[in-house]
């Protein structure tokens, strides 16, 4: 563990807490893409298959349980909770995310560390996480103005993988064998997808104005 | 386990 990865995990945790706060406090999921939440639930379920078989540390196990539990709880809320699901705007959340799942699965069968179920699922989860934010970004551009909590959720979600890139650079220079190319390249793509969001987020912060994404 | 990639990151 290094400070960059710990900062990344805490930033990721904050993004989840901000989203839970938004849904719980406002009893609304307006501006949130259910498809991105479903993709993230799939990312965690397919990445943490070895949750009970491959114990690394209490921290690792706890964080995995938090990410799996919160992502499933958010999907459940947006699909089942009577008040929250009413605020879900499925006419705007129209990204065909099943194509993302299929493309990532095909890529994972071709590019992986070992052609085993565990490694193919792990590579699948890494590729899927890189593109999971697309439905959410498309929804934000369609819905124009973004409420504060939703903007902060997306910001922290994007920032966490940027910390992981610093972690991979650190591990590259401090460890003998660097075997994290799949996660590293996918992480760079993932962070790059947030580039324009980060730009408009910074502008809104600098001008102390509402976050506006150009349609 | 030796030989299997260790995914110690979240």
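Determine whether segment A:104-111 contains at least one residue that is more than 30 Å from residue A:27 (Cβ to Cβ), out of contact with any strand residue (DSSP E or B) (no Cβ under 7 Å at 6 or more places or on another chain), modelled with pLDDT of 95 or more and not in a helix (DSSP H, G or I).
Here is the first cut: in segment A:104-111, the residues more than 30 Å from residue A:27 (Cβ to Cβ) are A:104-111.
Now restrict to residues that are out of contact with any strand residue (DSSP E or B) (no Cβ under 7 Å at 6 or more places or on another chain): A:104-111.
Retained after the next criterion (residues that are modelled with pLDDT of 95 or more): A:104-111.
Right, trim to not in a helix (DSSP H, G or I) and you get A:111.
Within segment A:104-111, one or more residues are more than 30 Å from residue A:27 (Cβ to Cβ), out of contact with any strand residue (DSSP E or B) (no Cβ under 7 Å at 6 or more places or on another chain), modelled with pLDDT of 95 or more and not in a helix (DSSP H, G or I).
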Legend entry - Those residues of segment A:1-32 which are crowded, with 21+ Cβ neighbours inside 10 Å and assigned to a loop (DSSP other than H, G, I, E, B), in sequence order: A:29, A:31, A:32
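Okay, residues lined up against (1) assigned to a helix (DSSP H, G or I); (2) at pLDDT 95 or above; (3) under 26 Å from residue A:6 (Cβ atoms):
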| site | (1), (2), (3) |
| --- | --- |
| A:115 | no, yes, no |
| A:139 | yes, yes, no |
| A:142 | yes, no, no |
| A:160 | yes, yes, yes |
| A:166 | yes, yes, yes |
| A:176 | no, no, yes |
| A:192 | yes, yes, yes |
Inset, instruction - Looking at (1) surrounded by 20 or more Cβ atoms within 10 Å (Cβ to Cβ); (2) on the phi > 0 side of the Ramachandran plot, find the lone condition where residue A:144 falls short. - result: (1)
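Quick check on segment A:66-89. Is at least one of its residues part of a loop (DSSP other than H, G, I, E, B) and loosely packed, with under 15 Cβ neighbours inside 10 Å? Spell out the reasoning first.
Of the residues in segment A:66-89, the ones part of a loop (DSSP other than H, G, I, E, B) are A:81, A:87-89.
Next cut, loosely packed, with under 15 Cβ neighbours inside 10 Å only: none.
No; the residues of segment A:66-89 include none that is part of a loop (DSSP other than H, G, I, E, B) and loosely packed, with under 15 Cβ neighbours inside 10 Å.
For the structure I just gave you, tell me whether residue A:151 is out of contact with any strand residue (DSSP E or B) (no Cβ under 9 Å at 6 or more places or on another chain), away from chain B (no Cβ under 14 Å) and surrounded by 14 or more Cβ atoms within 10 Å (Cβ to Cβ).
Details: out of contact with any strand residue (DSSP E or B) (no Cβ under 9 Å at 6 or more places or on another chain): yes; away from chain B (no Cβ under 14 Å): yes; surrounded by 14 or more Cβ atoms within 10 Å (Cβ to Cβ): yes.
Yes, satisfied.
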Inset, instruction - Report, ordered by the first and then the second residue, all pairs with beta carbons closer than 6 Å, sequence separation of six or more or different chains, a first member in segment A:53-67 that is facing another protein chain (nearest Cβ under 10 Å), and a second member that is outside any helix (DSSP H, G or I) and at pLDDT below 95. - result: A:56/B:8
Legend entry - Residue match in segment A:33-42 (condition: buried (at least 19 other Cβ atoms within 10 Å of the Cβ) and assigned to a loop (DSSP other than H, G, I, E, B)): yes
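The values are calculated or read from the model by the stated rules, or taken from the named source; none is laboratory data. Owing to the predicted nature of the structure, the values given are computational and were not obtained by experimental measurement. We place every Cβ from the backbone using ideal geometry, glycine too, and count neighbours over all the protein chains shown.
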